[in-house]
Amino acid sequence: MRVRPGRVVLGAASGLALLVGALVDVPKLSDGAFWSDAASYHAMAGSLAFDHDLEFRPEDLARIRASHPAGPEGVFLKRVADRAGGTRLVYAKPFLYPTAAAPLVRLLGVDRGLVLLNALVFVAALWLGYGILREAFADGLAAAGVLAVFLGGITPVYLLWETPEIFYLGLVTLGLFLWRRGRWLAAAVVLGAAAYGKPTNAALALPLLLEPLLAGATGAAPGWRSRLLAASGRAAAVAAVVACGYGLNWAATGELNYQGGERKTFYDRYPGEAVTTFDNAGVWMTTNHLGPLITGRDEESRSDRVAPPRTSAELRQSFALNLLLFWIGRFSGVLPYFPGVALAALLFLLVGPRGRAGWLALVALVASWIGYLLMIPDNWYGGGGTLGNRYFLNLVPLGLLLLPRGRTAWAALAALPLAAALLGPMSLAPVYHSLRPGEHATAAAFRVLPAELTMLGDLSVFTDVWRRHRPYNLPGGDPARRAPGDPPPYYLWFLDDGTYGQESSFGEEGFWLRGGQQAEVVVQALAPATRLRLLVRAGPAGDIVTVRLGRDRQRAVLRPLEAQALVFEPRDAPVGYYGTQLYPLRLGSRFGAATASDRRRLGSFVTLQLD
């Protein structure tokens, strides 16, 4: 029998994934902590497997605490009417993933069942992807392409996430596989299910829907009316599956939209324990509105349940910046976190050859890219607890169709080493980095990339509270307590470990630079600043300090404890963020030393004043 090396390699990768899924004890590695949306899906899977419903009850809480003593931190719940005229609490996430996991959860327990499902789906995706590429590539090249797309990035880390990212990746891969095999109805069902679970996945059905409109396409009708009818039939099939998903959600919970209504997320305190109720705990997380609220148009939607409106000008600026940040951003960029897909797209566009399936995949990719930026401009990568852009995992299978014939080896040889260099530490310690999702981005390799200031409050580095939204010239954090004539208030955001964070020294409030390190600090001004004045005081060893604001750069050479003022007049427009202005400062300290009372490596102390 002929041995096919590509299949052998894929078999080894599959075996490793299944071994991880079967043996890794996630609660033990995480000390019982949840991250991202895992608490909701963990609770839902347990409820479906053991109680056969989607209601949140005290027994659910007890079951969760058996393996996660702190409880379901971050669980999403909704309050809905019951048949007796009262109310009940139901889970406020799509049911597809926990339903698929329920049989394994019943047999193996919640954590192991969810992780093993991830592994099984990932293995299926590898082989389905191999099947897609075998249409055009030899065995070894097809395997190399699958490895470049699925393993050349952050994707394997998500095997240990009790969230549906890997599950949706598998659904999309299956849908594309069925489409390439000419089974359009089955593909419509699968892609419709993926669109129910995440509405933005509807764009991934575009290759299926647009194909009949193209002359010469397989199965295309001869006349344009017949083509339009065929495309409409496919669209109707996808829409019907999505509608069925929402209908089943209504049957199970009493509401169509799992994200709307009276929806909250809970931490530390949960309804049903002690004196905690739905009303006196939790944070509102209602999403009834498609896209961001806009000042002057959606004022009637303003409430404590949704994000406040933003100005049209601010949203236009964010969109323009996000077009590039989506691809090269420090915390979410496709290039650093999914280099296999990014290189496939680049090779397709720049080198070719380019086929029909590739063009259709590119249309779906571009539509998803633009759609995410328009609908969720300040959180298009999945929230502060994510590694890379977790929403992009749904788009990863498109990379299979973008790989040009004859260029697969190029993509694999470039993507796999790049992924190993940048993302290797996360792949080797996925739970550690999932619990500390911003730590990797403080490394030098990531700091050369621009930070996504357009979604500042949701960047993963700010899961460390000491870094985020630190108030200055705000007594007690309350603007009303400021005396007339006090200097303007502002906030600082510390993006890396180049400082020690907010503190007071020399009788002033500011921050210390770590000696010999670079730092990036974002100034959030409550009104546009005409001037930023930095007073830099050297530590015990003296210092050479450089500061950049946009295109302006200044340098101070300081003897020990010597101070110098550096004044900047911003020439570039600041980044608008919910009615405030963001000014990113890059600072560098050359020297540092400890003192008898402070053993840290102190570079220079910086205070800031805005005009």
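The values are calculated or read from the model by the stated rules, or taken from the named source; none is laboratory data. All values reported here derive from a predicted model rather than from experimental measurement. Glycine gets a Cβ as well: all are built from the backbone with ideal geometry, and neighbour counts include every protein chain shown. SASA here: full protein model, heavy atoms, side chains in, ligands and nucleic acids out. Shrake-Rupley method; radii C 1.70, N 1.55, O 1.52, S 1.80 Å.
Here the peptides 493-501, 320-328 are ranked by packing, the mean other Cβ count within 10 Å, and the order with the highest first is 493-501, 320-328. Nonpolar atom fraction for the chain, defined as the carbon and sulfur part of the 1.4 Å probe accessible area, stands at 60 percent.
For the chain, averaging the sequence separation of C-alpha pairs within contact (under 8 Å, six or more residues apart) and dividing by the residue count gives a relative contact order of 12 percent. Counted over all Cα-Cα pairs of segment 455-546, pairs farther apart than 23 Å make up 28 percent.
Dividing the helix sum by the residues of the chain, where each DSSP H run of 4 or more adds -39500 (n - 2.57), gives a mean residue ellipticity at 222 nm of -12500 deg cm²/dmol. Could you give the Stokes-Einstein D for segment 478-611 in µm² per second, using the C-alpha Kirkwood radius, 20 °C, 1.002 mPa s? It diffuses with D of about 141 µm²/s by this estimate. Taking the square roots of five times each eigenvalue of the Cα gyration tensor of segment 511-561, the equivalent ellipsoid has semi-axes of 23, 12, 11 Å, listed largest first. Between Val283 and Glu503, the modelled label-to-label distance comes to 2.8 nm, taking each label 7 Å out from Cα in the direction of the beta carbon. Computed from phi, the 3J(HN,Hα) profile of segment 332-338 under the Karplus parametrisation 6.51, -1.76, 1.60 (θ = phi - 60°) reads 9, x, 4, 4, x, 9, 9 Hz, with x in place of Gly and Pro. Residues in segment 67-77 carry Karplus couplings, in order, of 10, 10, x, 6, x, x, 5, x, 5, 9, 10 Hz; the curve used is 6.51 cos²θ - 1.76 cosθ + 1.60 with θ = phi - 60°, and Gly or Pro positions show x.
Take every Cα pair under 8 Å whose residues are at least 6 apart in sequence, average their separation, divide by the length of segment 1-134, and the relative contact order is 31 percent. Phi angles across segment 366-378 convert, under the Karplus curve 6.51 cos²θ - 1.76 cosθ + 1.60 with θ = phi - 60°, into 3J(HN,Hα) values of 5, 4, 5, 4, 5, x, 4, 5, 6, 7, 10, x, 10 Hz, Gly and Pro given as x.
Packing-based ranking of 42-51, 278-287, 70-79, 419-428 yields 42-51, 70-79, 419-428, 278-287, ordered from highest to lowest mean Cβ neighbour count within 10 Å.
Helix 224-253 and the long axis of the chain differ in direction by around 70°, with both axes built from C-alpha atoms. Tell me whether segment 137-191 comes out rounded, prolate or oblate; compute the Cα gyration tensor, take square roots of the eigenvalues as a ≥ b ≥ c, and use a/c under 1.5 as the rounded threshold. Oblate shape, in that a/c is at least 1.5 and b/c is the bigger or equal ratio.
Axis angle, to the nearest 10 degrees, between helix 165-180 and the longest C-alpha principal axis of the chain: 40 degrees. Less than 5 angstrom separates the built amide H of Gly74 from those of Phe266, Tyr267, Asp268, all sequence-distant by 5 or more or on a different chain.
Taking one quarter of the surface of the convex hull spanned by the alpha-carbon atoms of the chain gives a direction-averaged projected area of 32.3 nm². Annotation: amide H-H contacts under 5 Å for Ser604 (H modelled 1.01 Å from N, sequence separation of 5 or more, or interchain): Leu513, Gly539. Just to confirm the number: angle between the C-alpha axis of helix 5-23 and the first principal axis of the chain, 0 to 90 degrees, nearest 10? Long axis of 5-23 versus the principal axis of the chain: about 70 degrees. Here's the picture: a label point sits 7 Å out from the Cα of Ala239 along the beta-carbon direction, and within segment 178-210 the residues with their amide nitrogen under 16 Å of it are 188-189, 192-193, 195-196, 202-203, 205-206, 209-210. Round to a whole angstrom and tell me the spacing of the C-alpha centers of segment 142-220 and segment 100-122. First find each Cα centre; the distance between them is then 21 Å. Under 20 Å from a label point 7 Å along Cα→Cβ of Trp466: give me every residue in segment 571-611 with its amide N that close. The answer is 587-589, 592-608, whose backbone nitrogens lie closer than 20 Å to the label point.
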